[in-house]
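Report on the structure given below.
The values are calculated or read from the model by the stated rules, or taken from the named source; none is laboratory data. Values in this document were obtained by computation on a predicted structure and should not be read as measured data. For neighbour counting, all protein chains shown are included, and Cβ atoms are generated from backbone atoms with ideal geometry for every residue, glycine included. Heads up: the accessible areas ignore ligands, DNA and RNA and are worked out on the full protein's heavy atoms, side chains in. Shrake-Rupley method; radii C 1.70, N 1.55, O 1.52, S 1.80 Å.
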Amino acid sequence: MYVYKVGVVGAGAMGAQIAQVATYAGLPVVIADVSEAIAQRGIETVRRIYQARVDRGKMTQDQLGEKMLLVTASGDVSALRDVDLVIEAVSENLALKQHVFRELDAICPPGTIFASNTSALSISAMGSATHRPGKVIGLHFFNPAYAMPLVEIVPGLATDAETADDMVSFAESIRKLPIVVKECAGFLVNRLLMAYLNEAILCLQEGAATCKEIEQDMLTFGMPVGPFTLLDAVGLDISYDVARILHESYGPRMAPAALLGELVKAGRLGVKNGHGFYEYDGPETGMLQTLSDKVRRETGAVSAPWQPARLLLAMVNEAALALQEGIASARDIDVAMVAGTGFPTGKEGPLHYADGLGVDAVLHELEEFSQTLSPRFWPAPLLRRMVAAGFTGKHTGRGFFSYEMAAQAAGGHS
Ligand SMILES: NC(=O)c1ccc[n+]([C@@H]2O[C@H](COP(=O)([O-])OP(=O)(O)OC[C@H]3O[C@@H](n4cnc5c(N)ncnc54)[C@H](O)[C@@H]3O)[C@@H](O)[C@H]2O)c1
């Protein structure tokens, strides 16, 4: 199916960015929100994104004008009755999303695809609220959508294979990089990223290192932004919500660091209100230290020596678990983590990184961590199987990837 016209429900940050991406590719877009005035705010965001391109000399004012002709706003979802694809980007609440899809189900032709930009909610549950579960799918853009190439395509239990194929073609047509991910809590990128971010907070609350030390080491590793700067930018309330959804699904290994909950309780939401792990509107207040001390007293957390490997191996182990669950292929896991998180391209993603370290060395270190730090580091069974079978990584030519084959394909010179 070819998408000729797109509807976006929700004119907030993501809805507006997605509308801009679709119009940039030349598609007409209708943005709907609860009122015309709010929907108009989405149009203004689209204009601002284009204006920034004009200001940087990347397009002309006339081209901006042409693009803006493609986007219209409405305070009524019935304006979406003739679109081929609806992308839902309302607030992260399952009942609300089901309500929106139920309403659309009654007005859109049966062939219209309903996609949700949810970060963590169940696509299958959204599909079940409609009479077209085969046409309901996750289409997860990353923030800011105009700059981030990755789109996770997440079929639910009842989604037709054709719908997933259509969304891969659609994502490519709007110049995005689609990765199909089997439905699981947090999908692929947020699941792996949160294992890493949560570990950073655990290190901090234990007193293993300061925010700045942890951030500096991760920047030195090659991450584009430190974990606490990223958490503050995403919003600590949103991060905590995602962490709780992951905990509910994956159990104790994903239990949110207590300090994150304490920060949210204390009203520290990150950049959006000026206070998070860092202060954005004034000098440091000592509040983070006070809360960390409180958590340490209450949890009895003992400090272990700081090592960046804790964060990186938490992500690698989660990647191995996702691979063994068939959430995505090894190649797609690495591509998604590079495109979705900026995992250092020189290291080519967490699974290539593990191959470089040696899968046997990764297994050994995870075993150590699970005994000395916490059972949350219990190694993915896949790692043990790989080591037993000699798939120990780059140094033996085969691990998550085959290096002999790569060498042969390249003419045997590498
Ligand atoms: N913000 C991010 O970084 C990010 C990244 C990826 C995915 N997401 C997901 O995208 C979705 C939207 O997030 P956001 O940050 O843009 O939210 P937001 O709060 O900025 O915007 C939500 C919009 O939905 C509108 N809305 C609420 N109920 C509605 C209804 N019944 N009909 C029409 N519109 C309605 C609100 O008026 C608001 O304009 C969420 O599911 C979120 O998890 C967010």
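Below is a table of values for the structure above.
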read-out	value
Sum of side-chain charges, residue 185 neighbourhood, beta-carbon under 15 Å (Lys, Arg +1; Asp, Glu -1)	-3
Per-peptide average of other Cβ atoms within 10 Å, ordering 185-194, 45-54 highest first	185-194, 45-54
Residue-by-residue Karplus 3J(HN,Hα) for the range 81-95, coefficients 6.51, -1.76, 1.60, Hz, glycine and proline x	5, 10, 8, 8, 9, 9, 10, 8, 9, 7, 4, 6, 8, 4, 4
Spacing of the two label points (7 Å from each Cα toward its C-beta) at residue 158 and residue 241, in nm	2.5
Estimated D of the range 124-174 in µm² per second, where Rh is the Kirkwood radius over Cα pairs and Stokes-Einstein applies at 4 °C, 1.567 mPa s	113
Sites residue 265 and residue 102, calculated FRET efficiency, Cβ-Cβ separation with R0 41 Å, nearest 0.05	0.75
Heavy atoms of residue 280: accessible area, 1.4 Å probe, square angstrom to 10	90
Model label zone, residue 389; criterion: amide N under 19 Å from point 7 Å along Cα-to-beta-carbon; scope the range 361-380	361-364, 379-380
Long-range tail of P(r) for the chain (Cα pairs > 32 Å, %)	41
Rg over Rh [alpha-carbon atoms, Kirkwood Rh] for the range 6-180	0.95
Inter-label distance, nm, simple model (7 Å from Cα along the C-beta direction), residue 64/residue 125	4.2
Within the range 6-180, percent of DSSP bridges classed antiparallel, to nearest 5	20
For the range 1-106, share of DSSP beta bridges that run antiparallel, in % to the nearest 5	0
Label-reachable residues, the range 23-61, where backbone N falls under 19 Å from a point 7 Å from residue 172's Cα toward its Cβ	25-27
Shape box of the range 301-414 [Cα atoms, principal axes, largest first, Å]	52, 32, 27
Heavy atoms of residue 392 accessible to a 1.4 Å probe, total area in Å² rounded to 10	20
Descending Cα extents along the principal axes, the range 26-72, whole Å	35, 18, 12
For residue 180, residues with placed amide H under 5 Å, excluding near neighbours	153
Dipole of the chain, positive end: most advanced residue of 149, 261, 163 [Cβ charges, Cα centre]	149
Alpha carbon centroid spacing (whole Å) that separates the range 35-112 from the range 338-390	41
Ratio Rg/Rh, restricted to the range 232-387 and using Cα atoms, in which Rh is the Kirkwood radius	1.00
Fully extended contour minus Cα-Cα distance, from residue 378 to residue 304, at 0.36 nm per residue	24.9 nm
Cβ charges +1 (Lys, Arg) and -1 (Asp, Glu), total dipole of the chain, debye	120
Kirkwood Rh and Cα Rg combined as Rg/Rh, the range 229-320	0.98
Inter-label distance, nm, simple model (7 Å from Cα along the C-beta direction), residue 287/residue 217	2.7
For residue 8, residues with placed amide H under 5 Å, excluding near neighbours	30, 31, 32, 87
Charged-residue dipole, Cβ positions (Lys, Arg, Asp, Glu), the range 1-147 about Cα centre, Debye nearest 20	300
DSSP beta bridge pairing in the chain, given as percent antiparallel to the nearest 5	30
Most to least packed among 342-355, 97-110 [average Cβ atoms within 10 Å]	342-355, 97-110
